[in-house]
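First up is the structure itself, then whatever we jot down about it.
Nothing in this text is a laboratory measurement; each read-out follows from the coordinates by a stated rule. Everything quoted here is computed from the prediction, not taken from an experiment. As a convention, Cβ positions derive from the backbone with ideal geometry for all residues, glycine included, and neighbour counts pool all protein chains shown.
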Amino acid sequence: MRFITAVDRERLEKKLAMMIAAQVTRKPDSVLGLATGSSPMNVYKRLVELYRQGYVDFSEASSVNLDEYTGLHPSDPQSYSSYMNQHLFQHINIQLERTHIPSSDSACMEAECARYEALIQRLGGIDMQLLGIGRNGHIGFNEPSATFPVATHVVHLDESTIRSNAQYFESAEAMPRQAITVGIGTIMQARKVVLMAFGEQKADILQQAFFGQVTPEVPASILQFHPDVTIVADQAAMQTI
Ligand code: GLP
C-alpha cells in the first residue's frame with residue numbers, strides 16, 4: 001500500500017491525471033475502471049488538459065465505470081452516463097463504443113449484472129481502477145454489509161449514501177434508492193487500484209479502512225489485501241493517520 005499526500009488537493013488531482021495518462025501511454029489498450037462523484041471531477045479536467053496538450057492518446061483504450069443508479073435513462077442529467085460524457089468522454093478521443101457503464105434502465109437487472117460482469121472479463125479485466133470512497137467506506141456502491149459481494153450486483157443504497165448524494169438531485173425523494181455496482185471481487189481483480197480521498201470528512205473512514213480491521217462493514221478495508229494499491233489523499237483526509 002502506497003500513500004501519496006500533499007496539503008494542496010489541486011496538486012494531487014494533477015498527479016492522479018498523470019498516473020492515468022501514464023497508464024494509457026504505457027499500455028495504449030488499457031482497460032480503465034472509472035469512478036464518478038465529486039472526487040474525480042477535477043482529475044478528469046486535468047486529464048482532458050493533458051490530452052489537449054498531446055500527452056496522451058485514448059484511441060485504443062477502453063473504460064468500464066463502477067456503477068450507475070437504477071431507473072435513470074442514460075440521457076438523464078443525473079445519470080453517471082451523463083456525468084462521464086460531460087466530464088470526460090466528450091472531450092477526449094476515446095471511442096464511445098469502448099466506454100461502458102451499467103445500463104440501469106434495463107428491464108432485467110439480474111441479466112444486466114451478468115452481462116456487465118462478463119463484459120469486464122471479456123475485456124481481460126481492469127488494468128487500473130480509480131476509486132473514490134464513501135463516508136461509510138463504500139467503494140463503487142458496495143455498501144457496508146455482512147459479506148463482501150463478489151460480482152456486479154444490484155444494491156439498496158444506505159441512508160448515509162442517500163444523504164450524501166441527494167445534493168446532486170432536486171430533492172432526497174428524487175434520488176434513486178438502488179444502483180448497479182461492480183462487486184468487490186471485480187475491483188480486487190484489477191491489476192492496479194488508485195483510491196482518492198479529499199477533505200476532513202474522509203479522515204475517519206480512511207483511518208478505519210486502511211489501518212483498521214478488514215471487514216465487510218467497511219468495504220474499502222478489503223483493499224489492504226490488494227497487491228498494488230495507491231491512496232492519494234490530501235492532508236485533511238490524512239489527519240488521523
Ligand atoms: C458515490 C459513488 C462512489 C464514490 C463515492 C464518493 O456514491 N458511487 O463511486 O466514490 O460515492 O463520492 P465523492 O467523491 O463525491 O465523495
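Scanning for something surrounded by 18 or more Cβ atoms within 10 Å (Cβ to Cβ), in contact with a His (Cβ under 7 Å, 6 or more places away or on another chain) and not hydrophobic (A, V, I, L, M, F, W, C), does the range 158-168 turn up at least one residue? There is at least one residue in the range 158-168 that is surrounded by 18 or more Cβ atoms within 10 Å (Cβ to Cβ), in contact with a His (Cβ under 7 Å, 6 or more places away or on another chain) and not hydrophobic (A, V, I, L, M, F, W, C). Residue-level analysis places His87 among those that are touching a residue at least 24 places away in the same chain (Cβ under 8 Å), surrounded by fewer than 20 Cβ atoms within 10 Å (Cβ to Cβ), closer than 30 Å to Ser59 by Cα and within 16 Å of the ligand (Cβ to nearest atom). Among the residues of the range 58-80, those that are among the polar types (S, T, N, Q) and within 13 Å of the ligand (Cβ to nearest atom) comprise Asn65, Thr70, Gln78, Ser79.
Please verify whether the range 44-57 includes one or more residues that are of a type outside the set (Asp, Glu), over 16 Å from Thr25 (Cβ atoms) and touching a Leu at 6+ places or on another chain (Cβ under 7 Å). Yes. The set of residues from the range 210-241 being within 25 Å of Asp8 (Cβ to Cβ) and among the hydroxyl-bearing types (Ser, Thr, Tyr) comprises Thr230, Thr240. Filtering the range 100-157 to residues that are under 21 Å from Ala61 (Cβ atoms) and within 13 Å of the ligand (Cβ to nearest atom) leaves Ile101, Pro102, Gln129, Leu130, Leu131, Gly132, Gly140. Figure legend. Inter-residue proximity from the range 43-59: first residues in contact (Cβ under 8 Å) with a residue 60 or more places away in the chain, second residues assigned to a helix (DSSP H, G or I), beta-carbon distance below 7 Å, spacing 6+ or different chains. Indicated pairs: Val43/Glu13; Val43/Leu16; Val43/Ala17.
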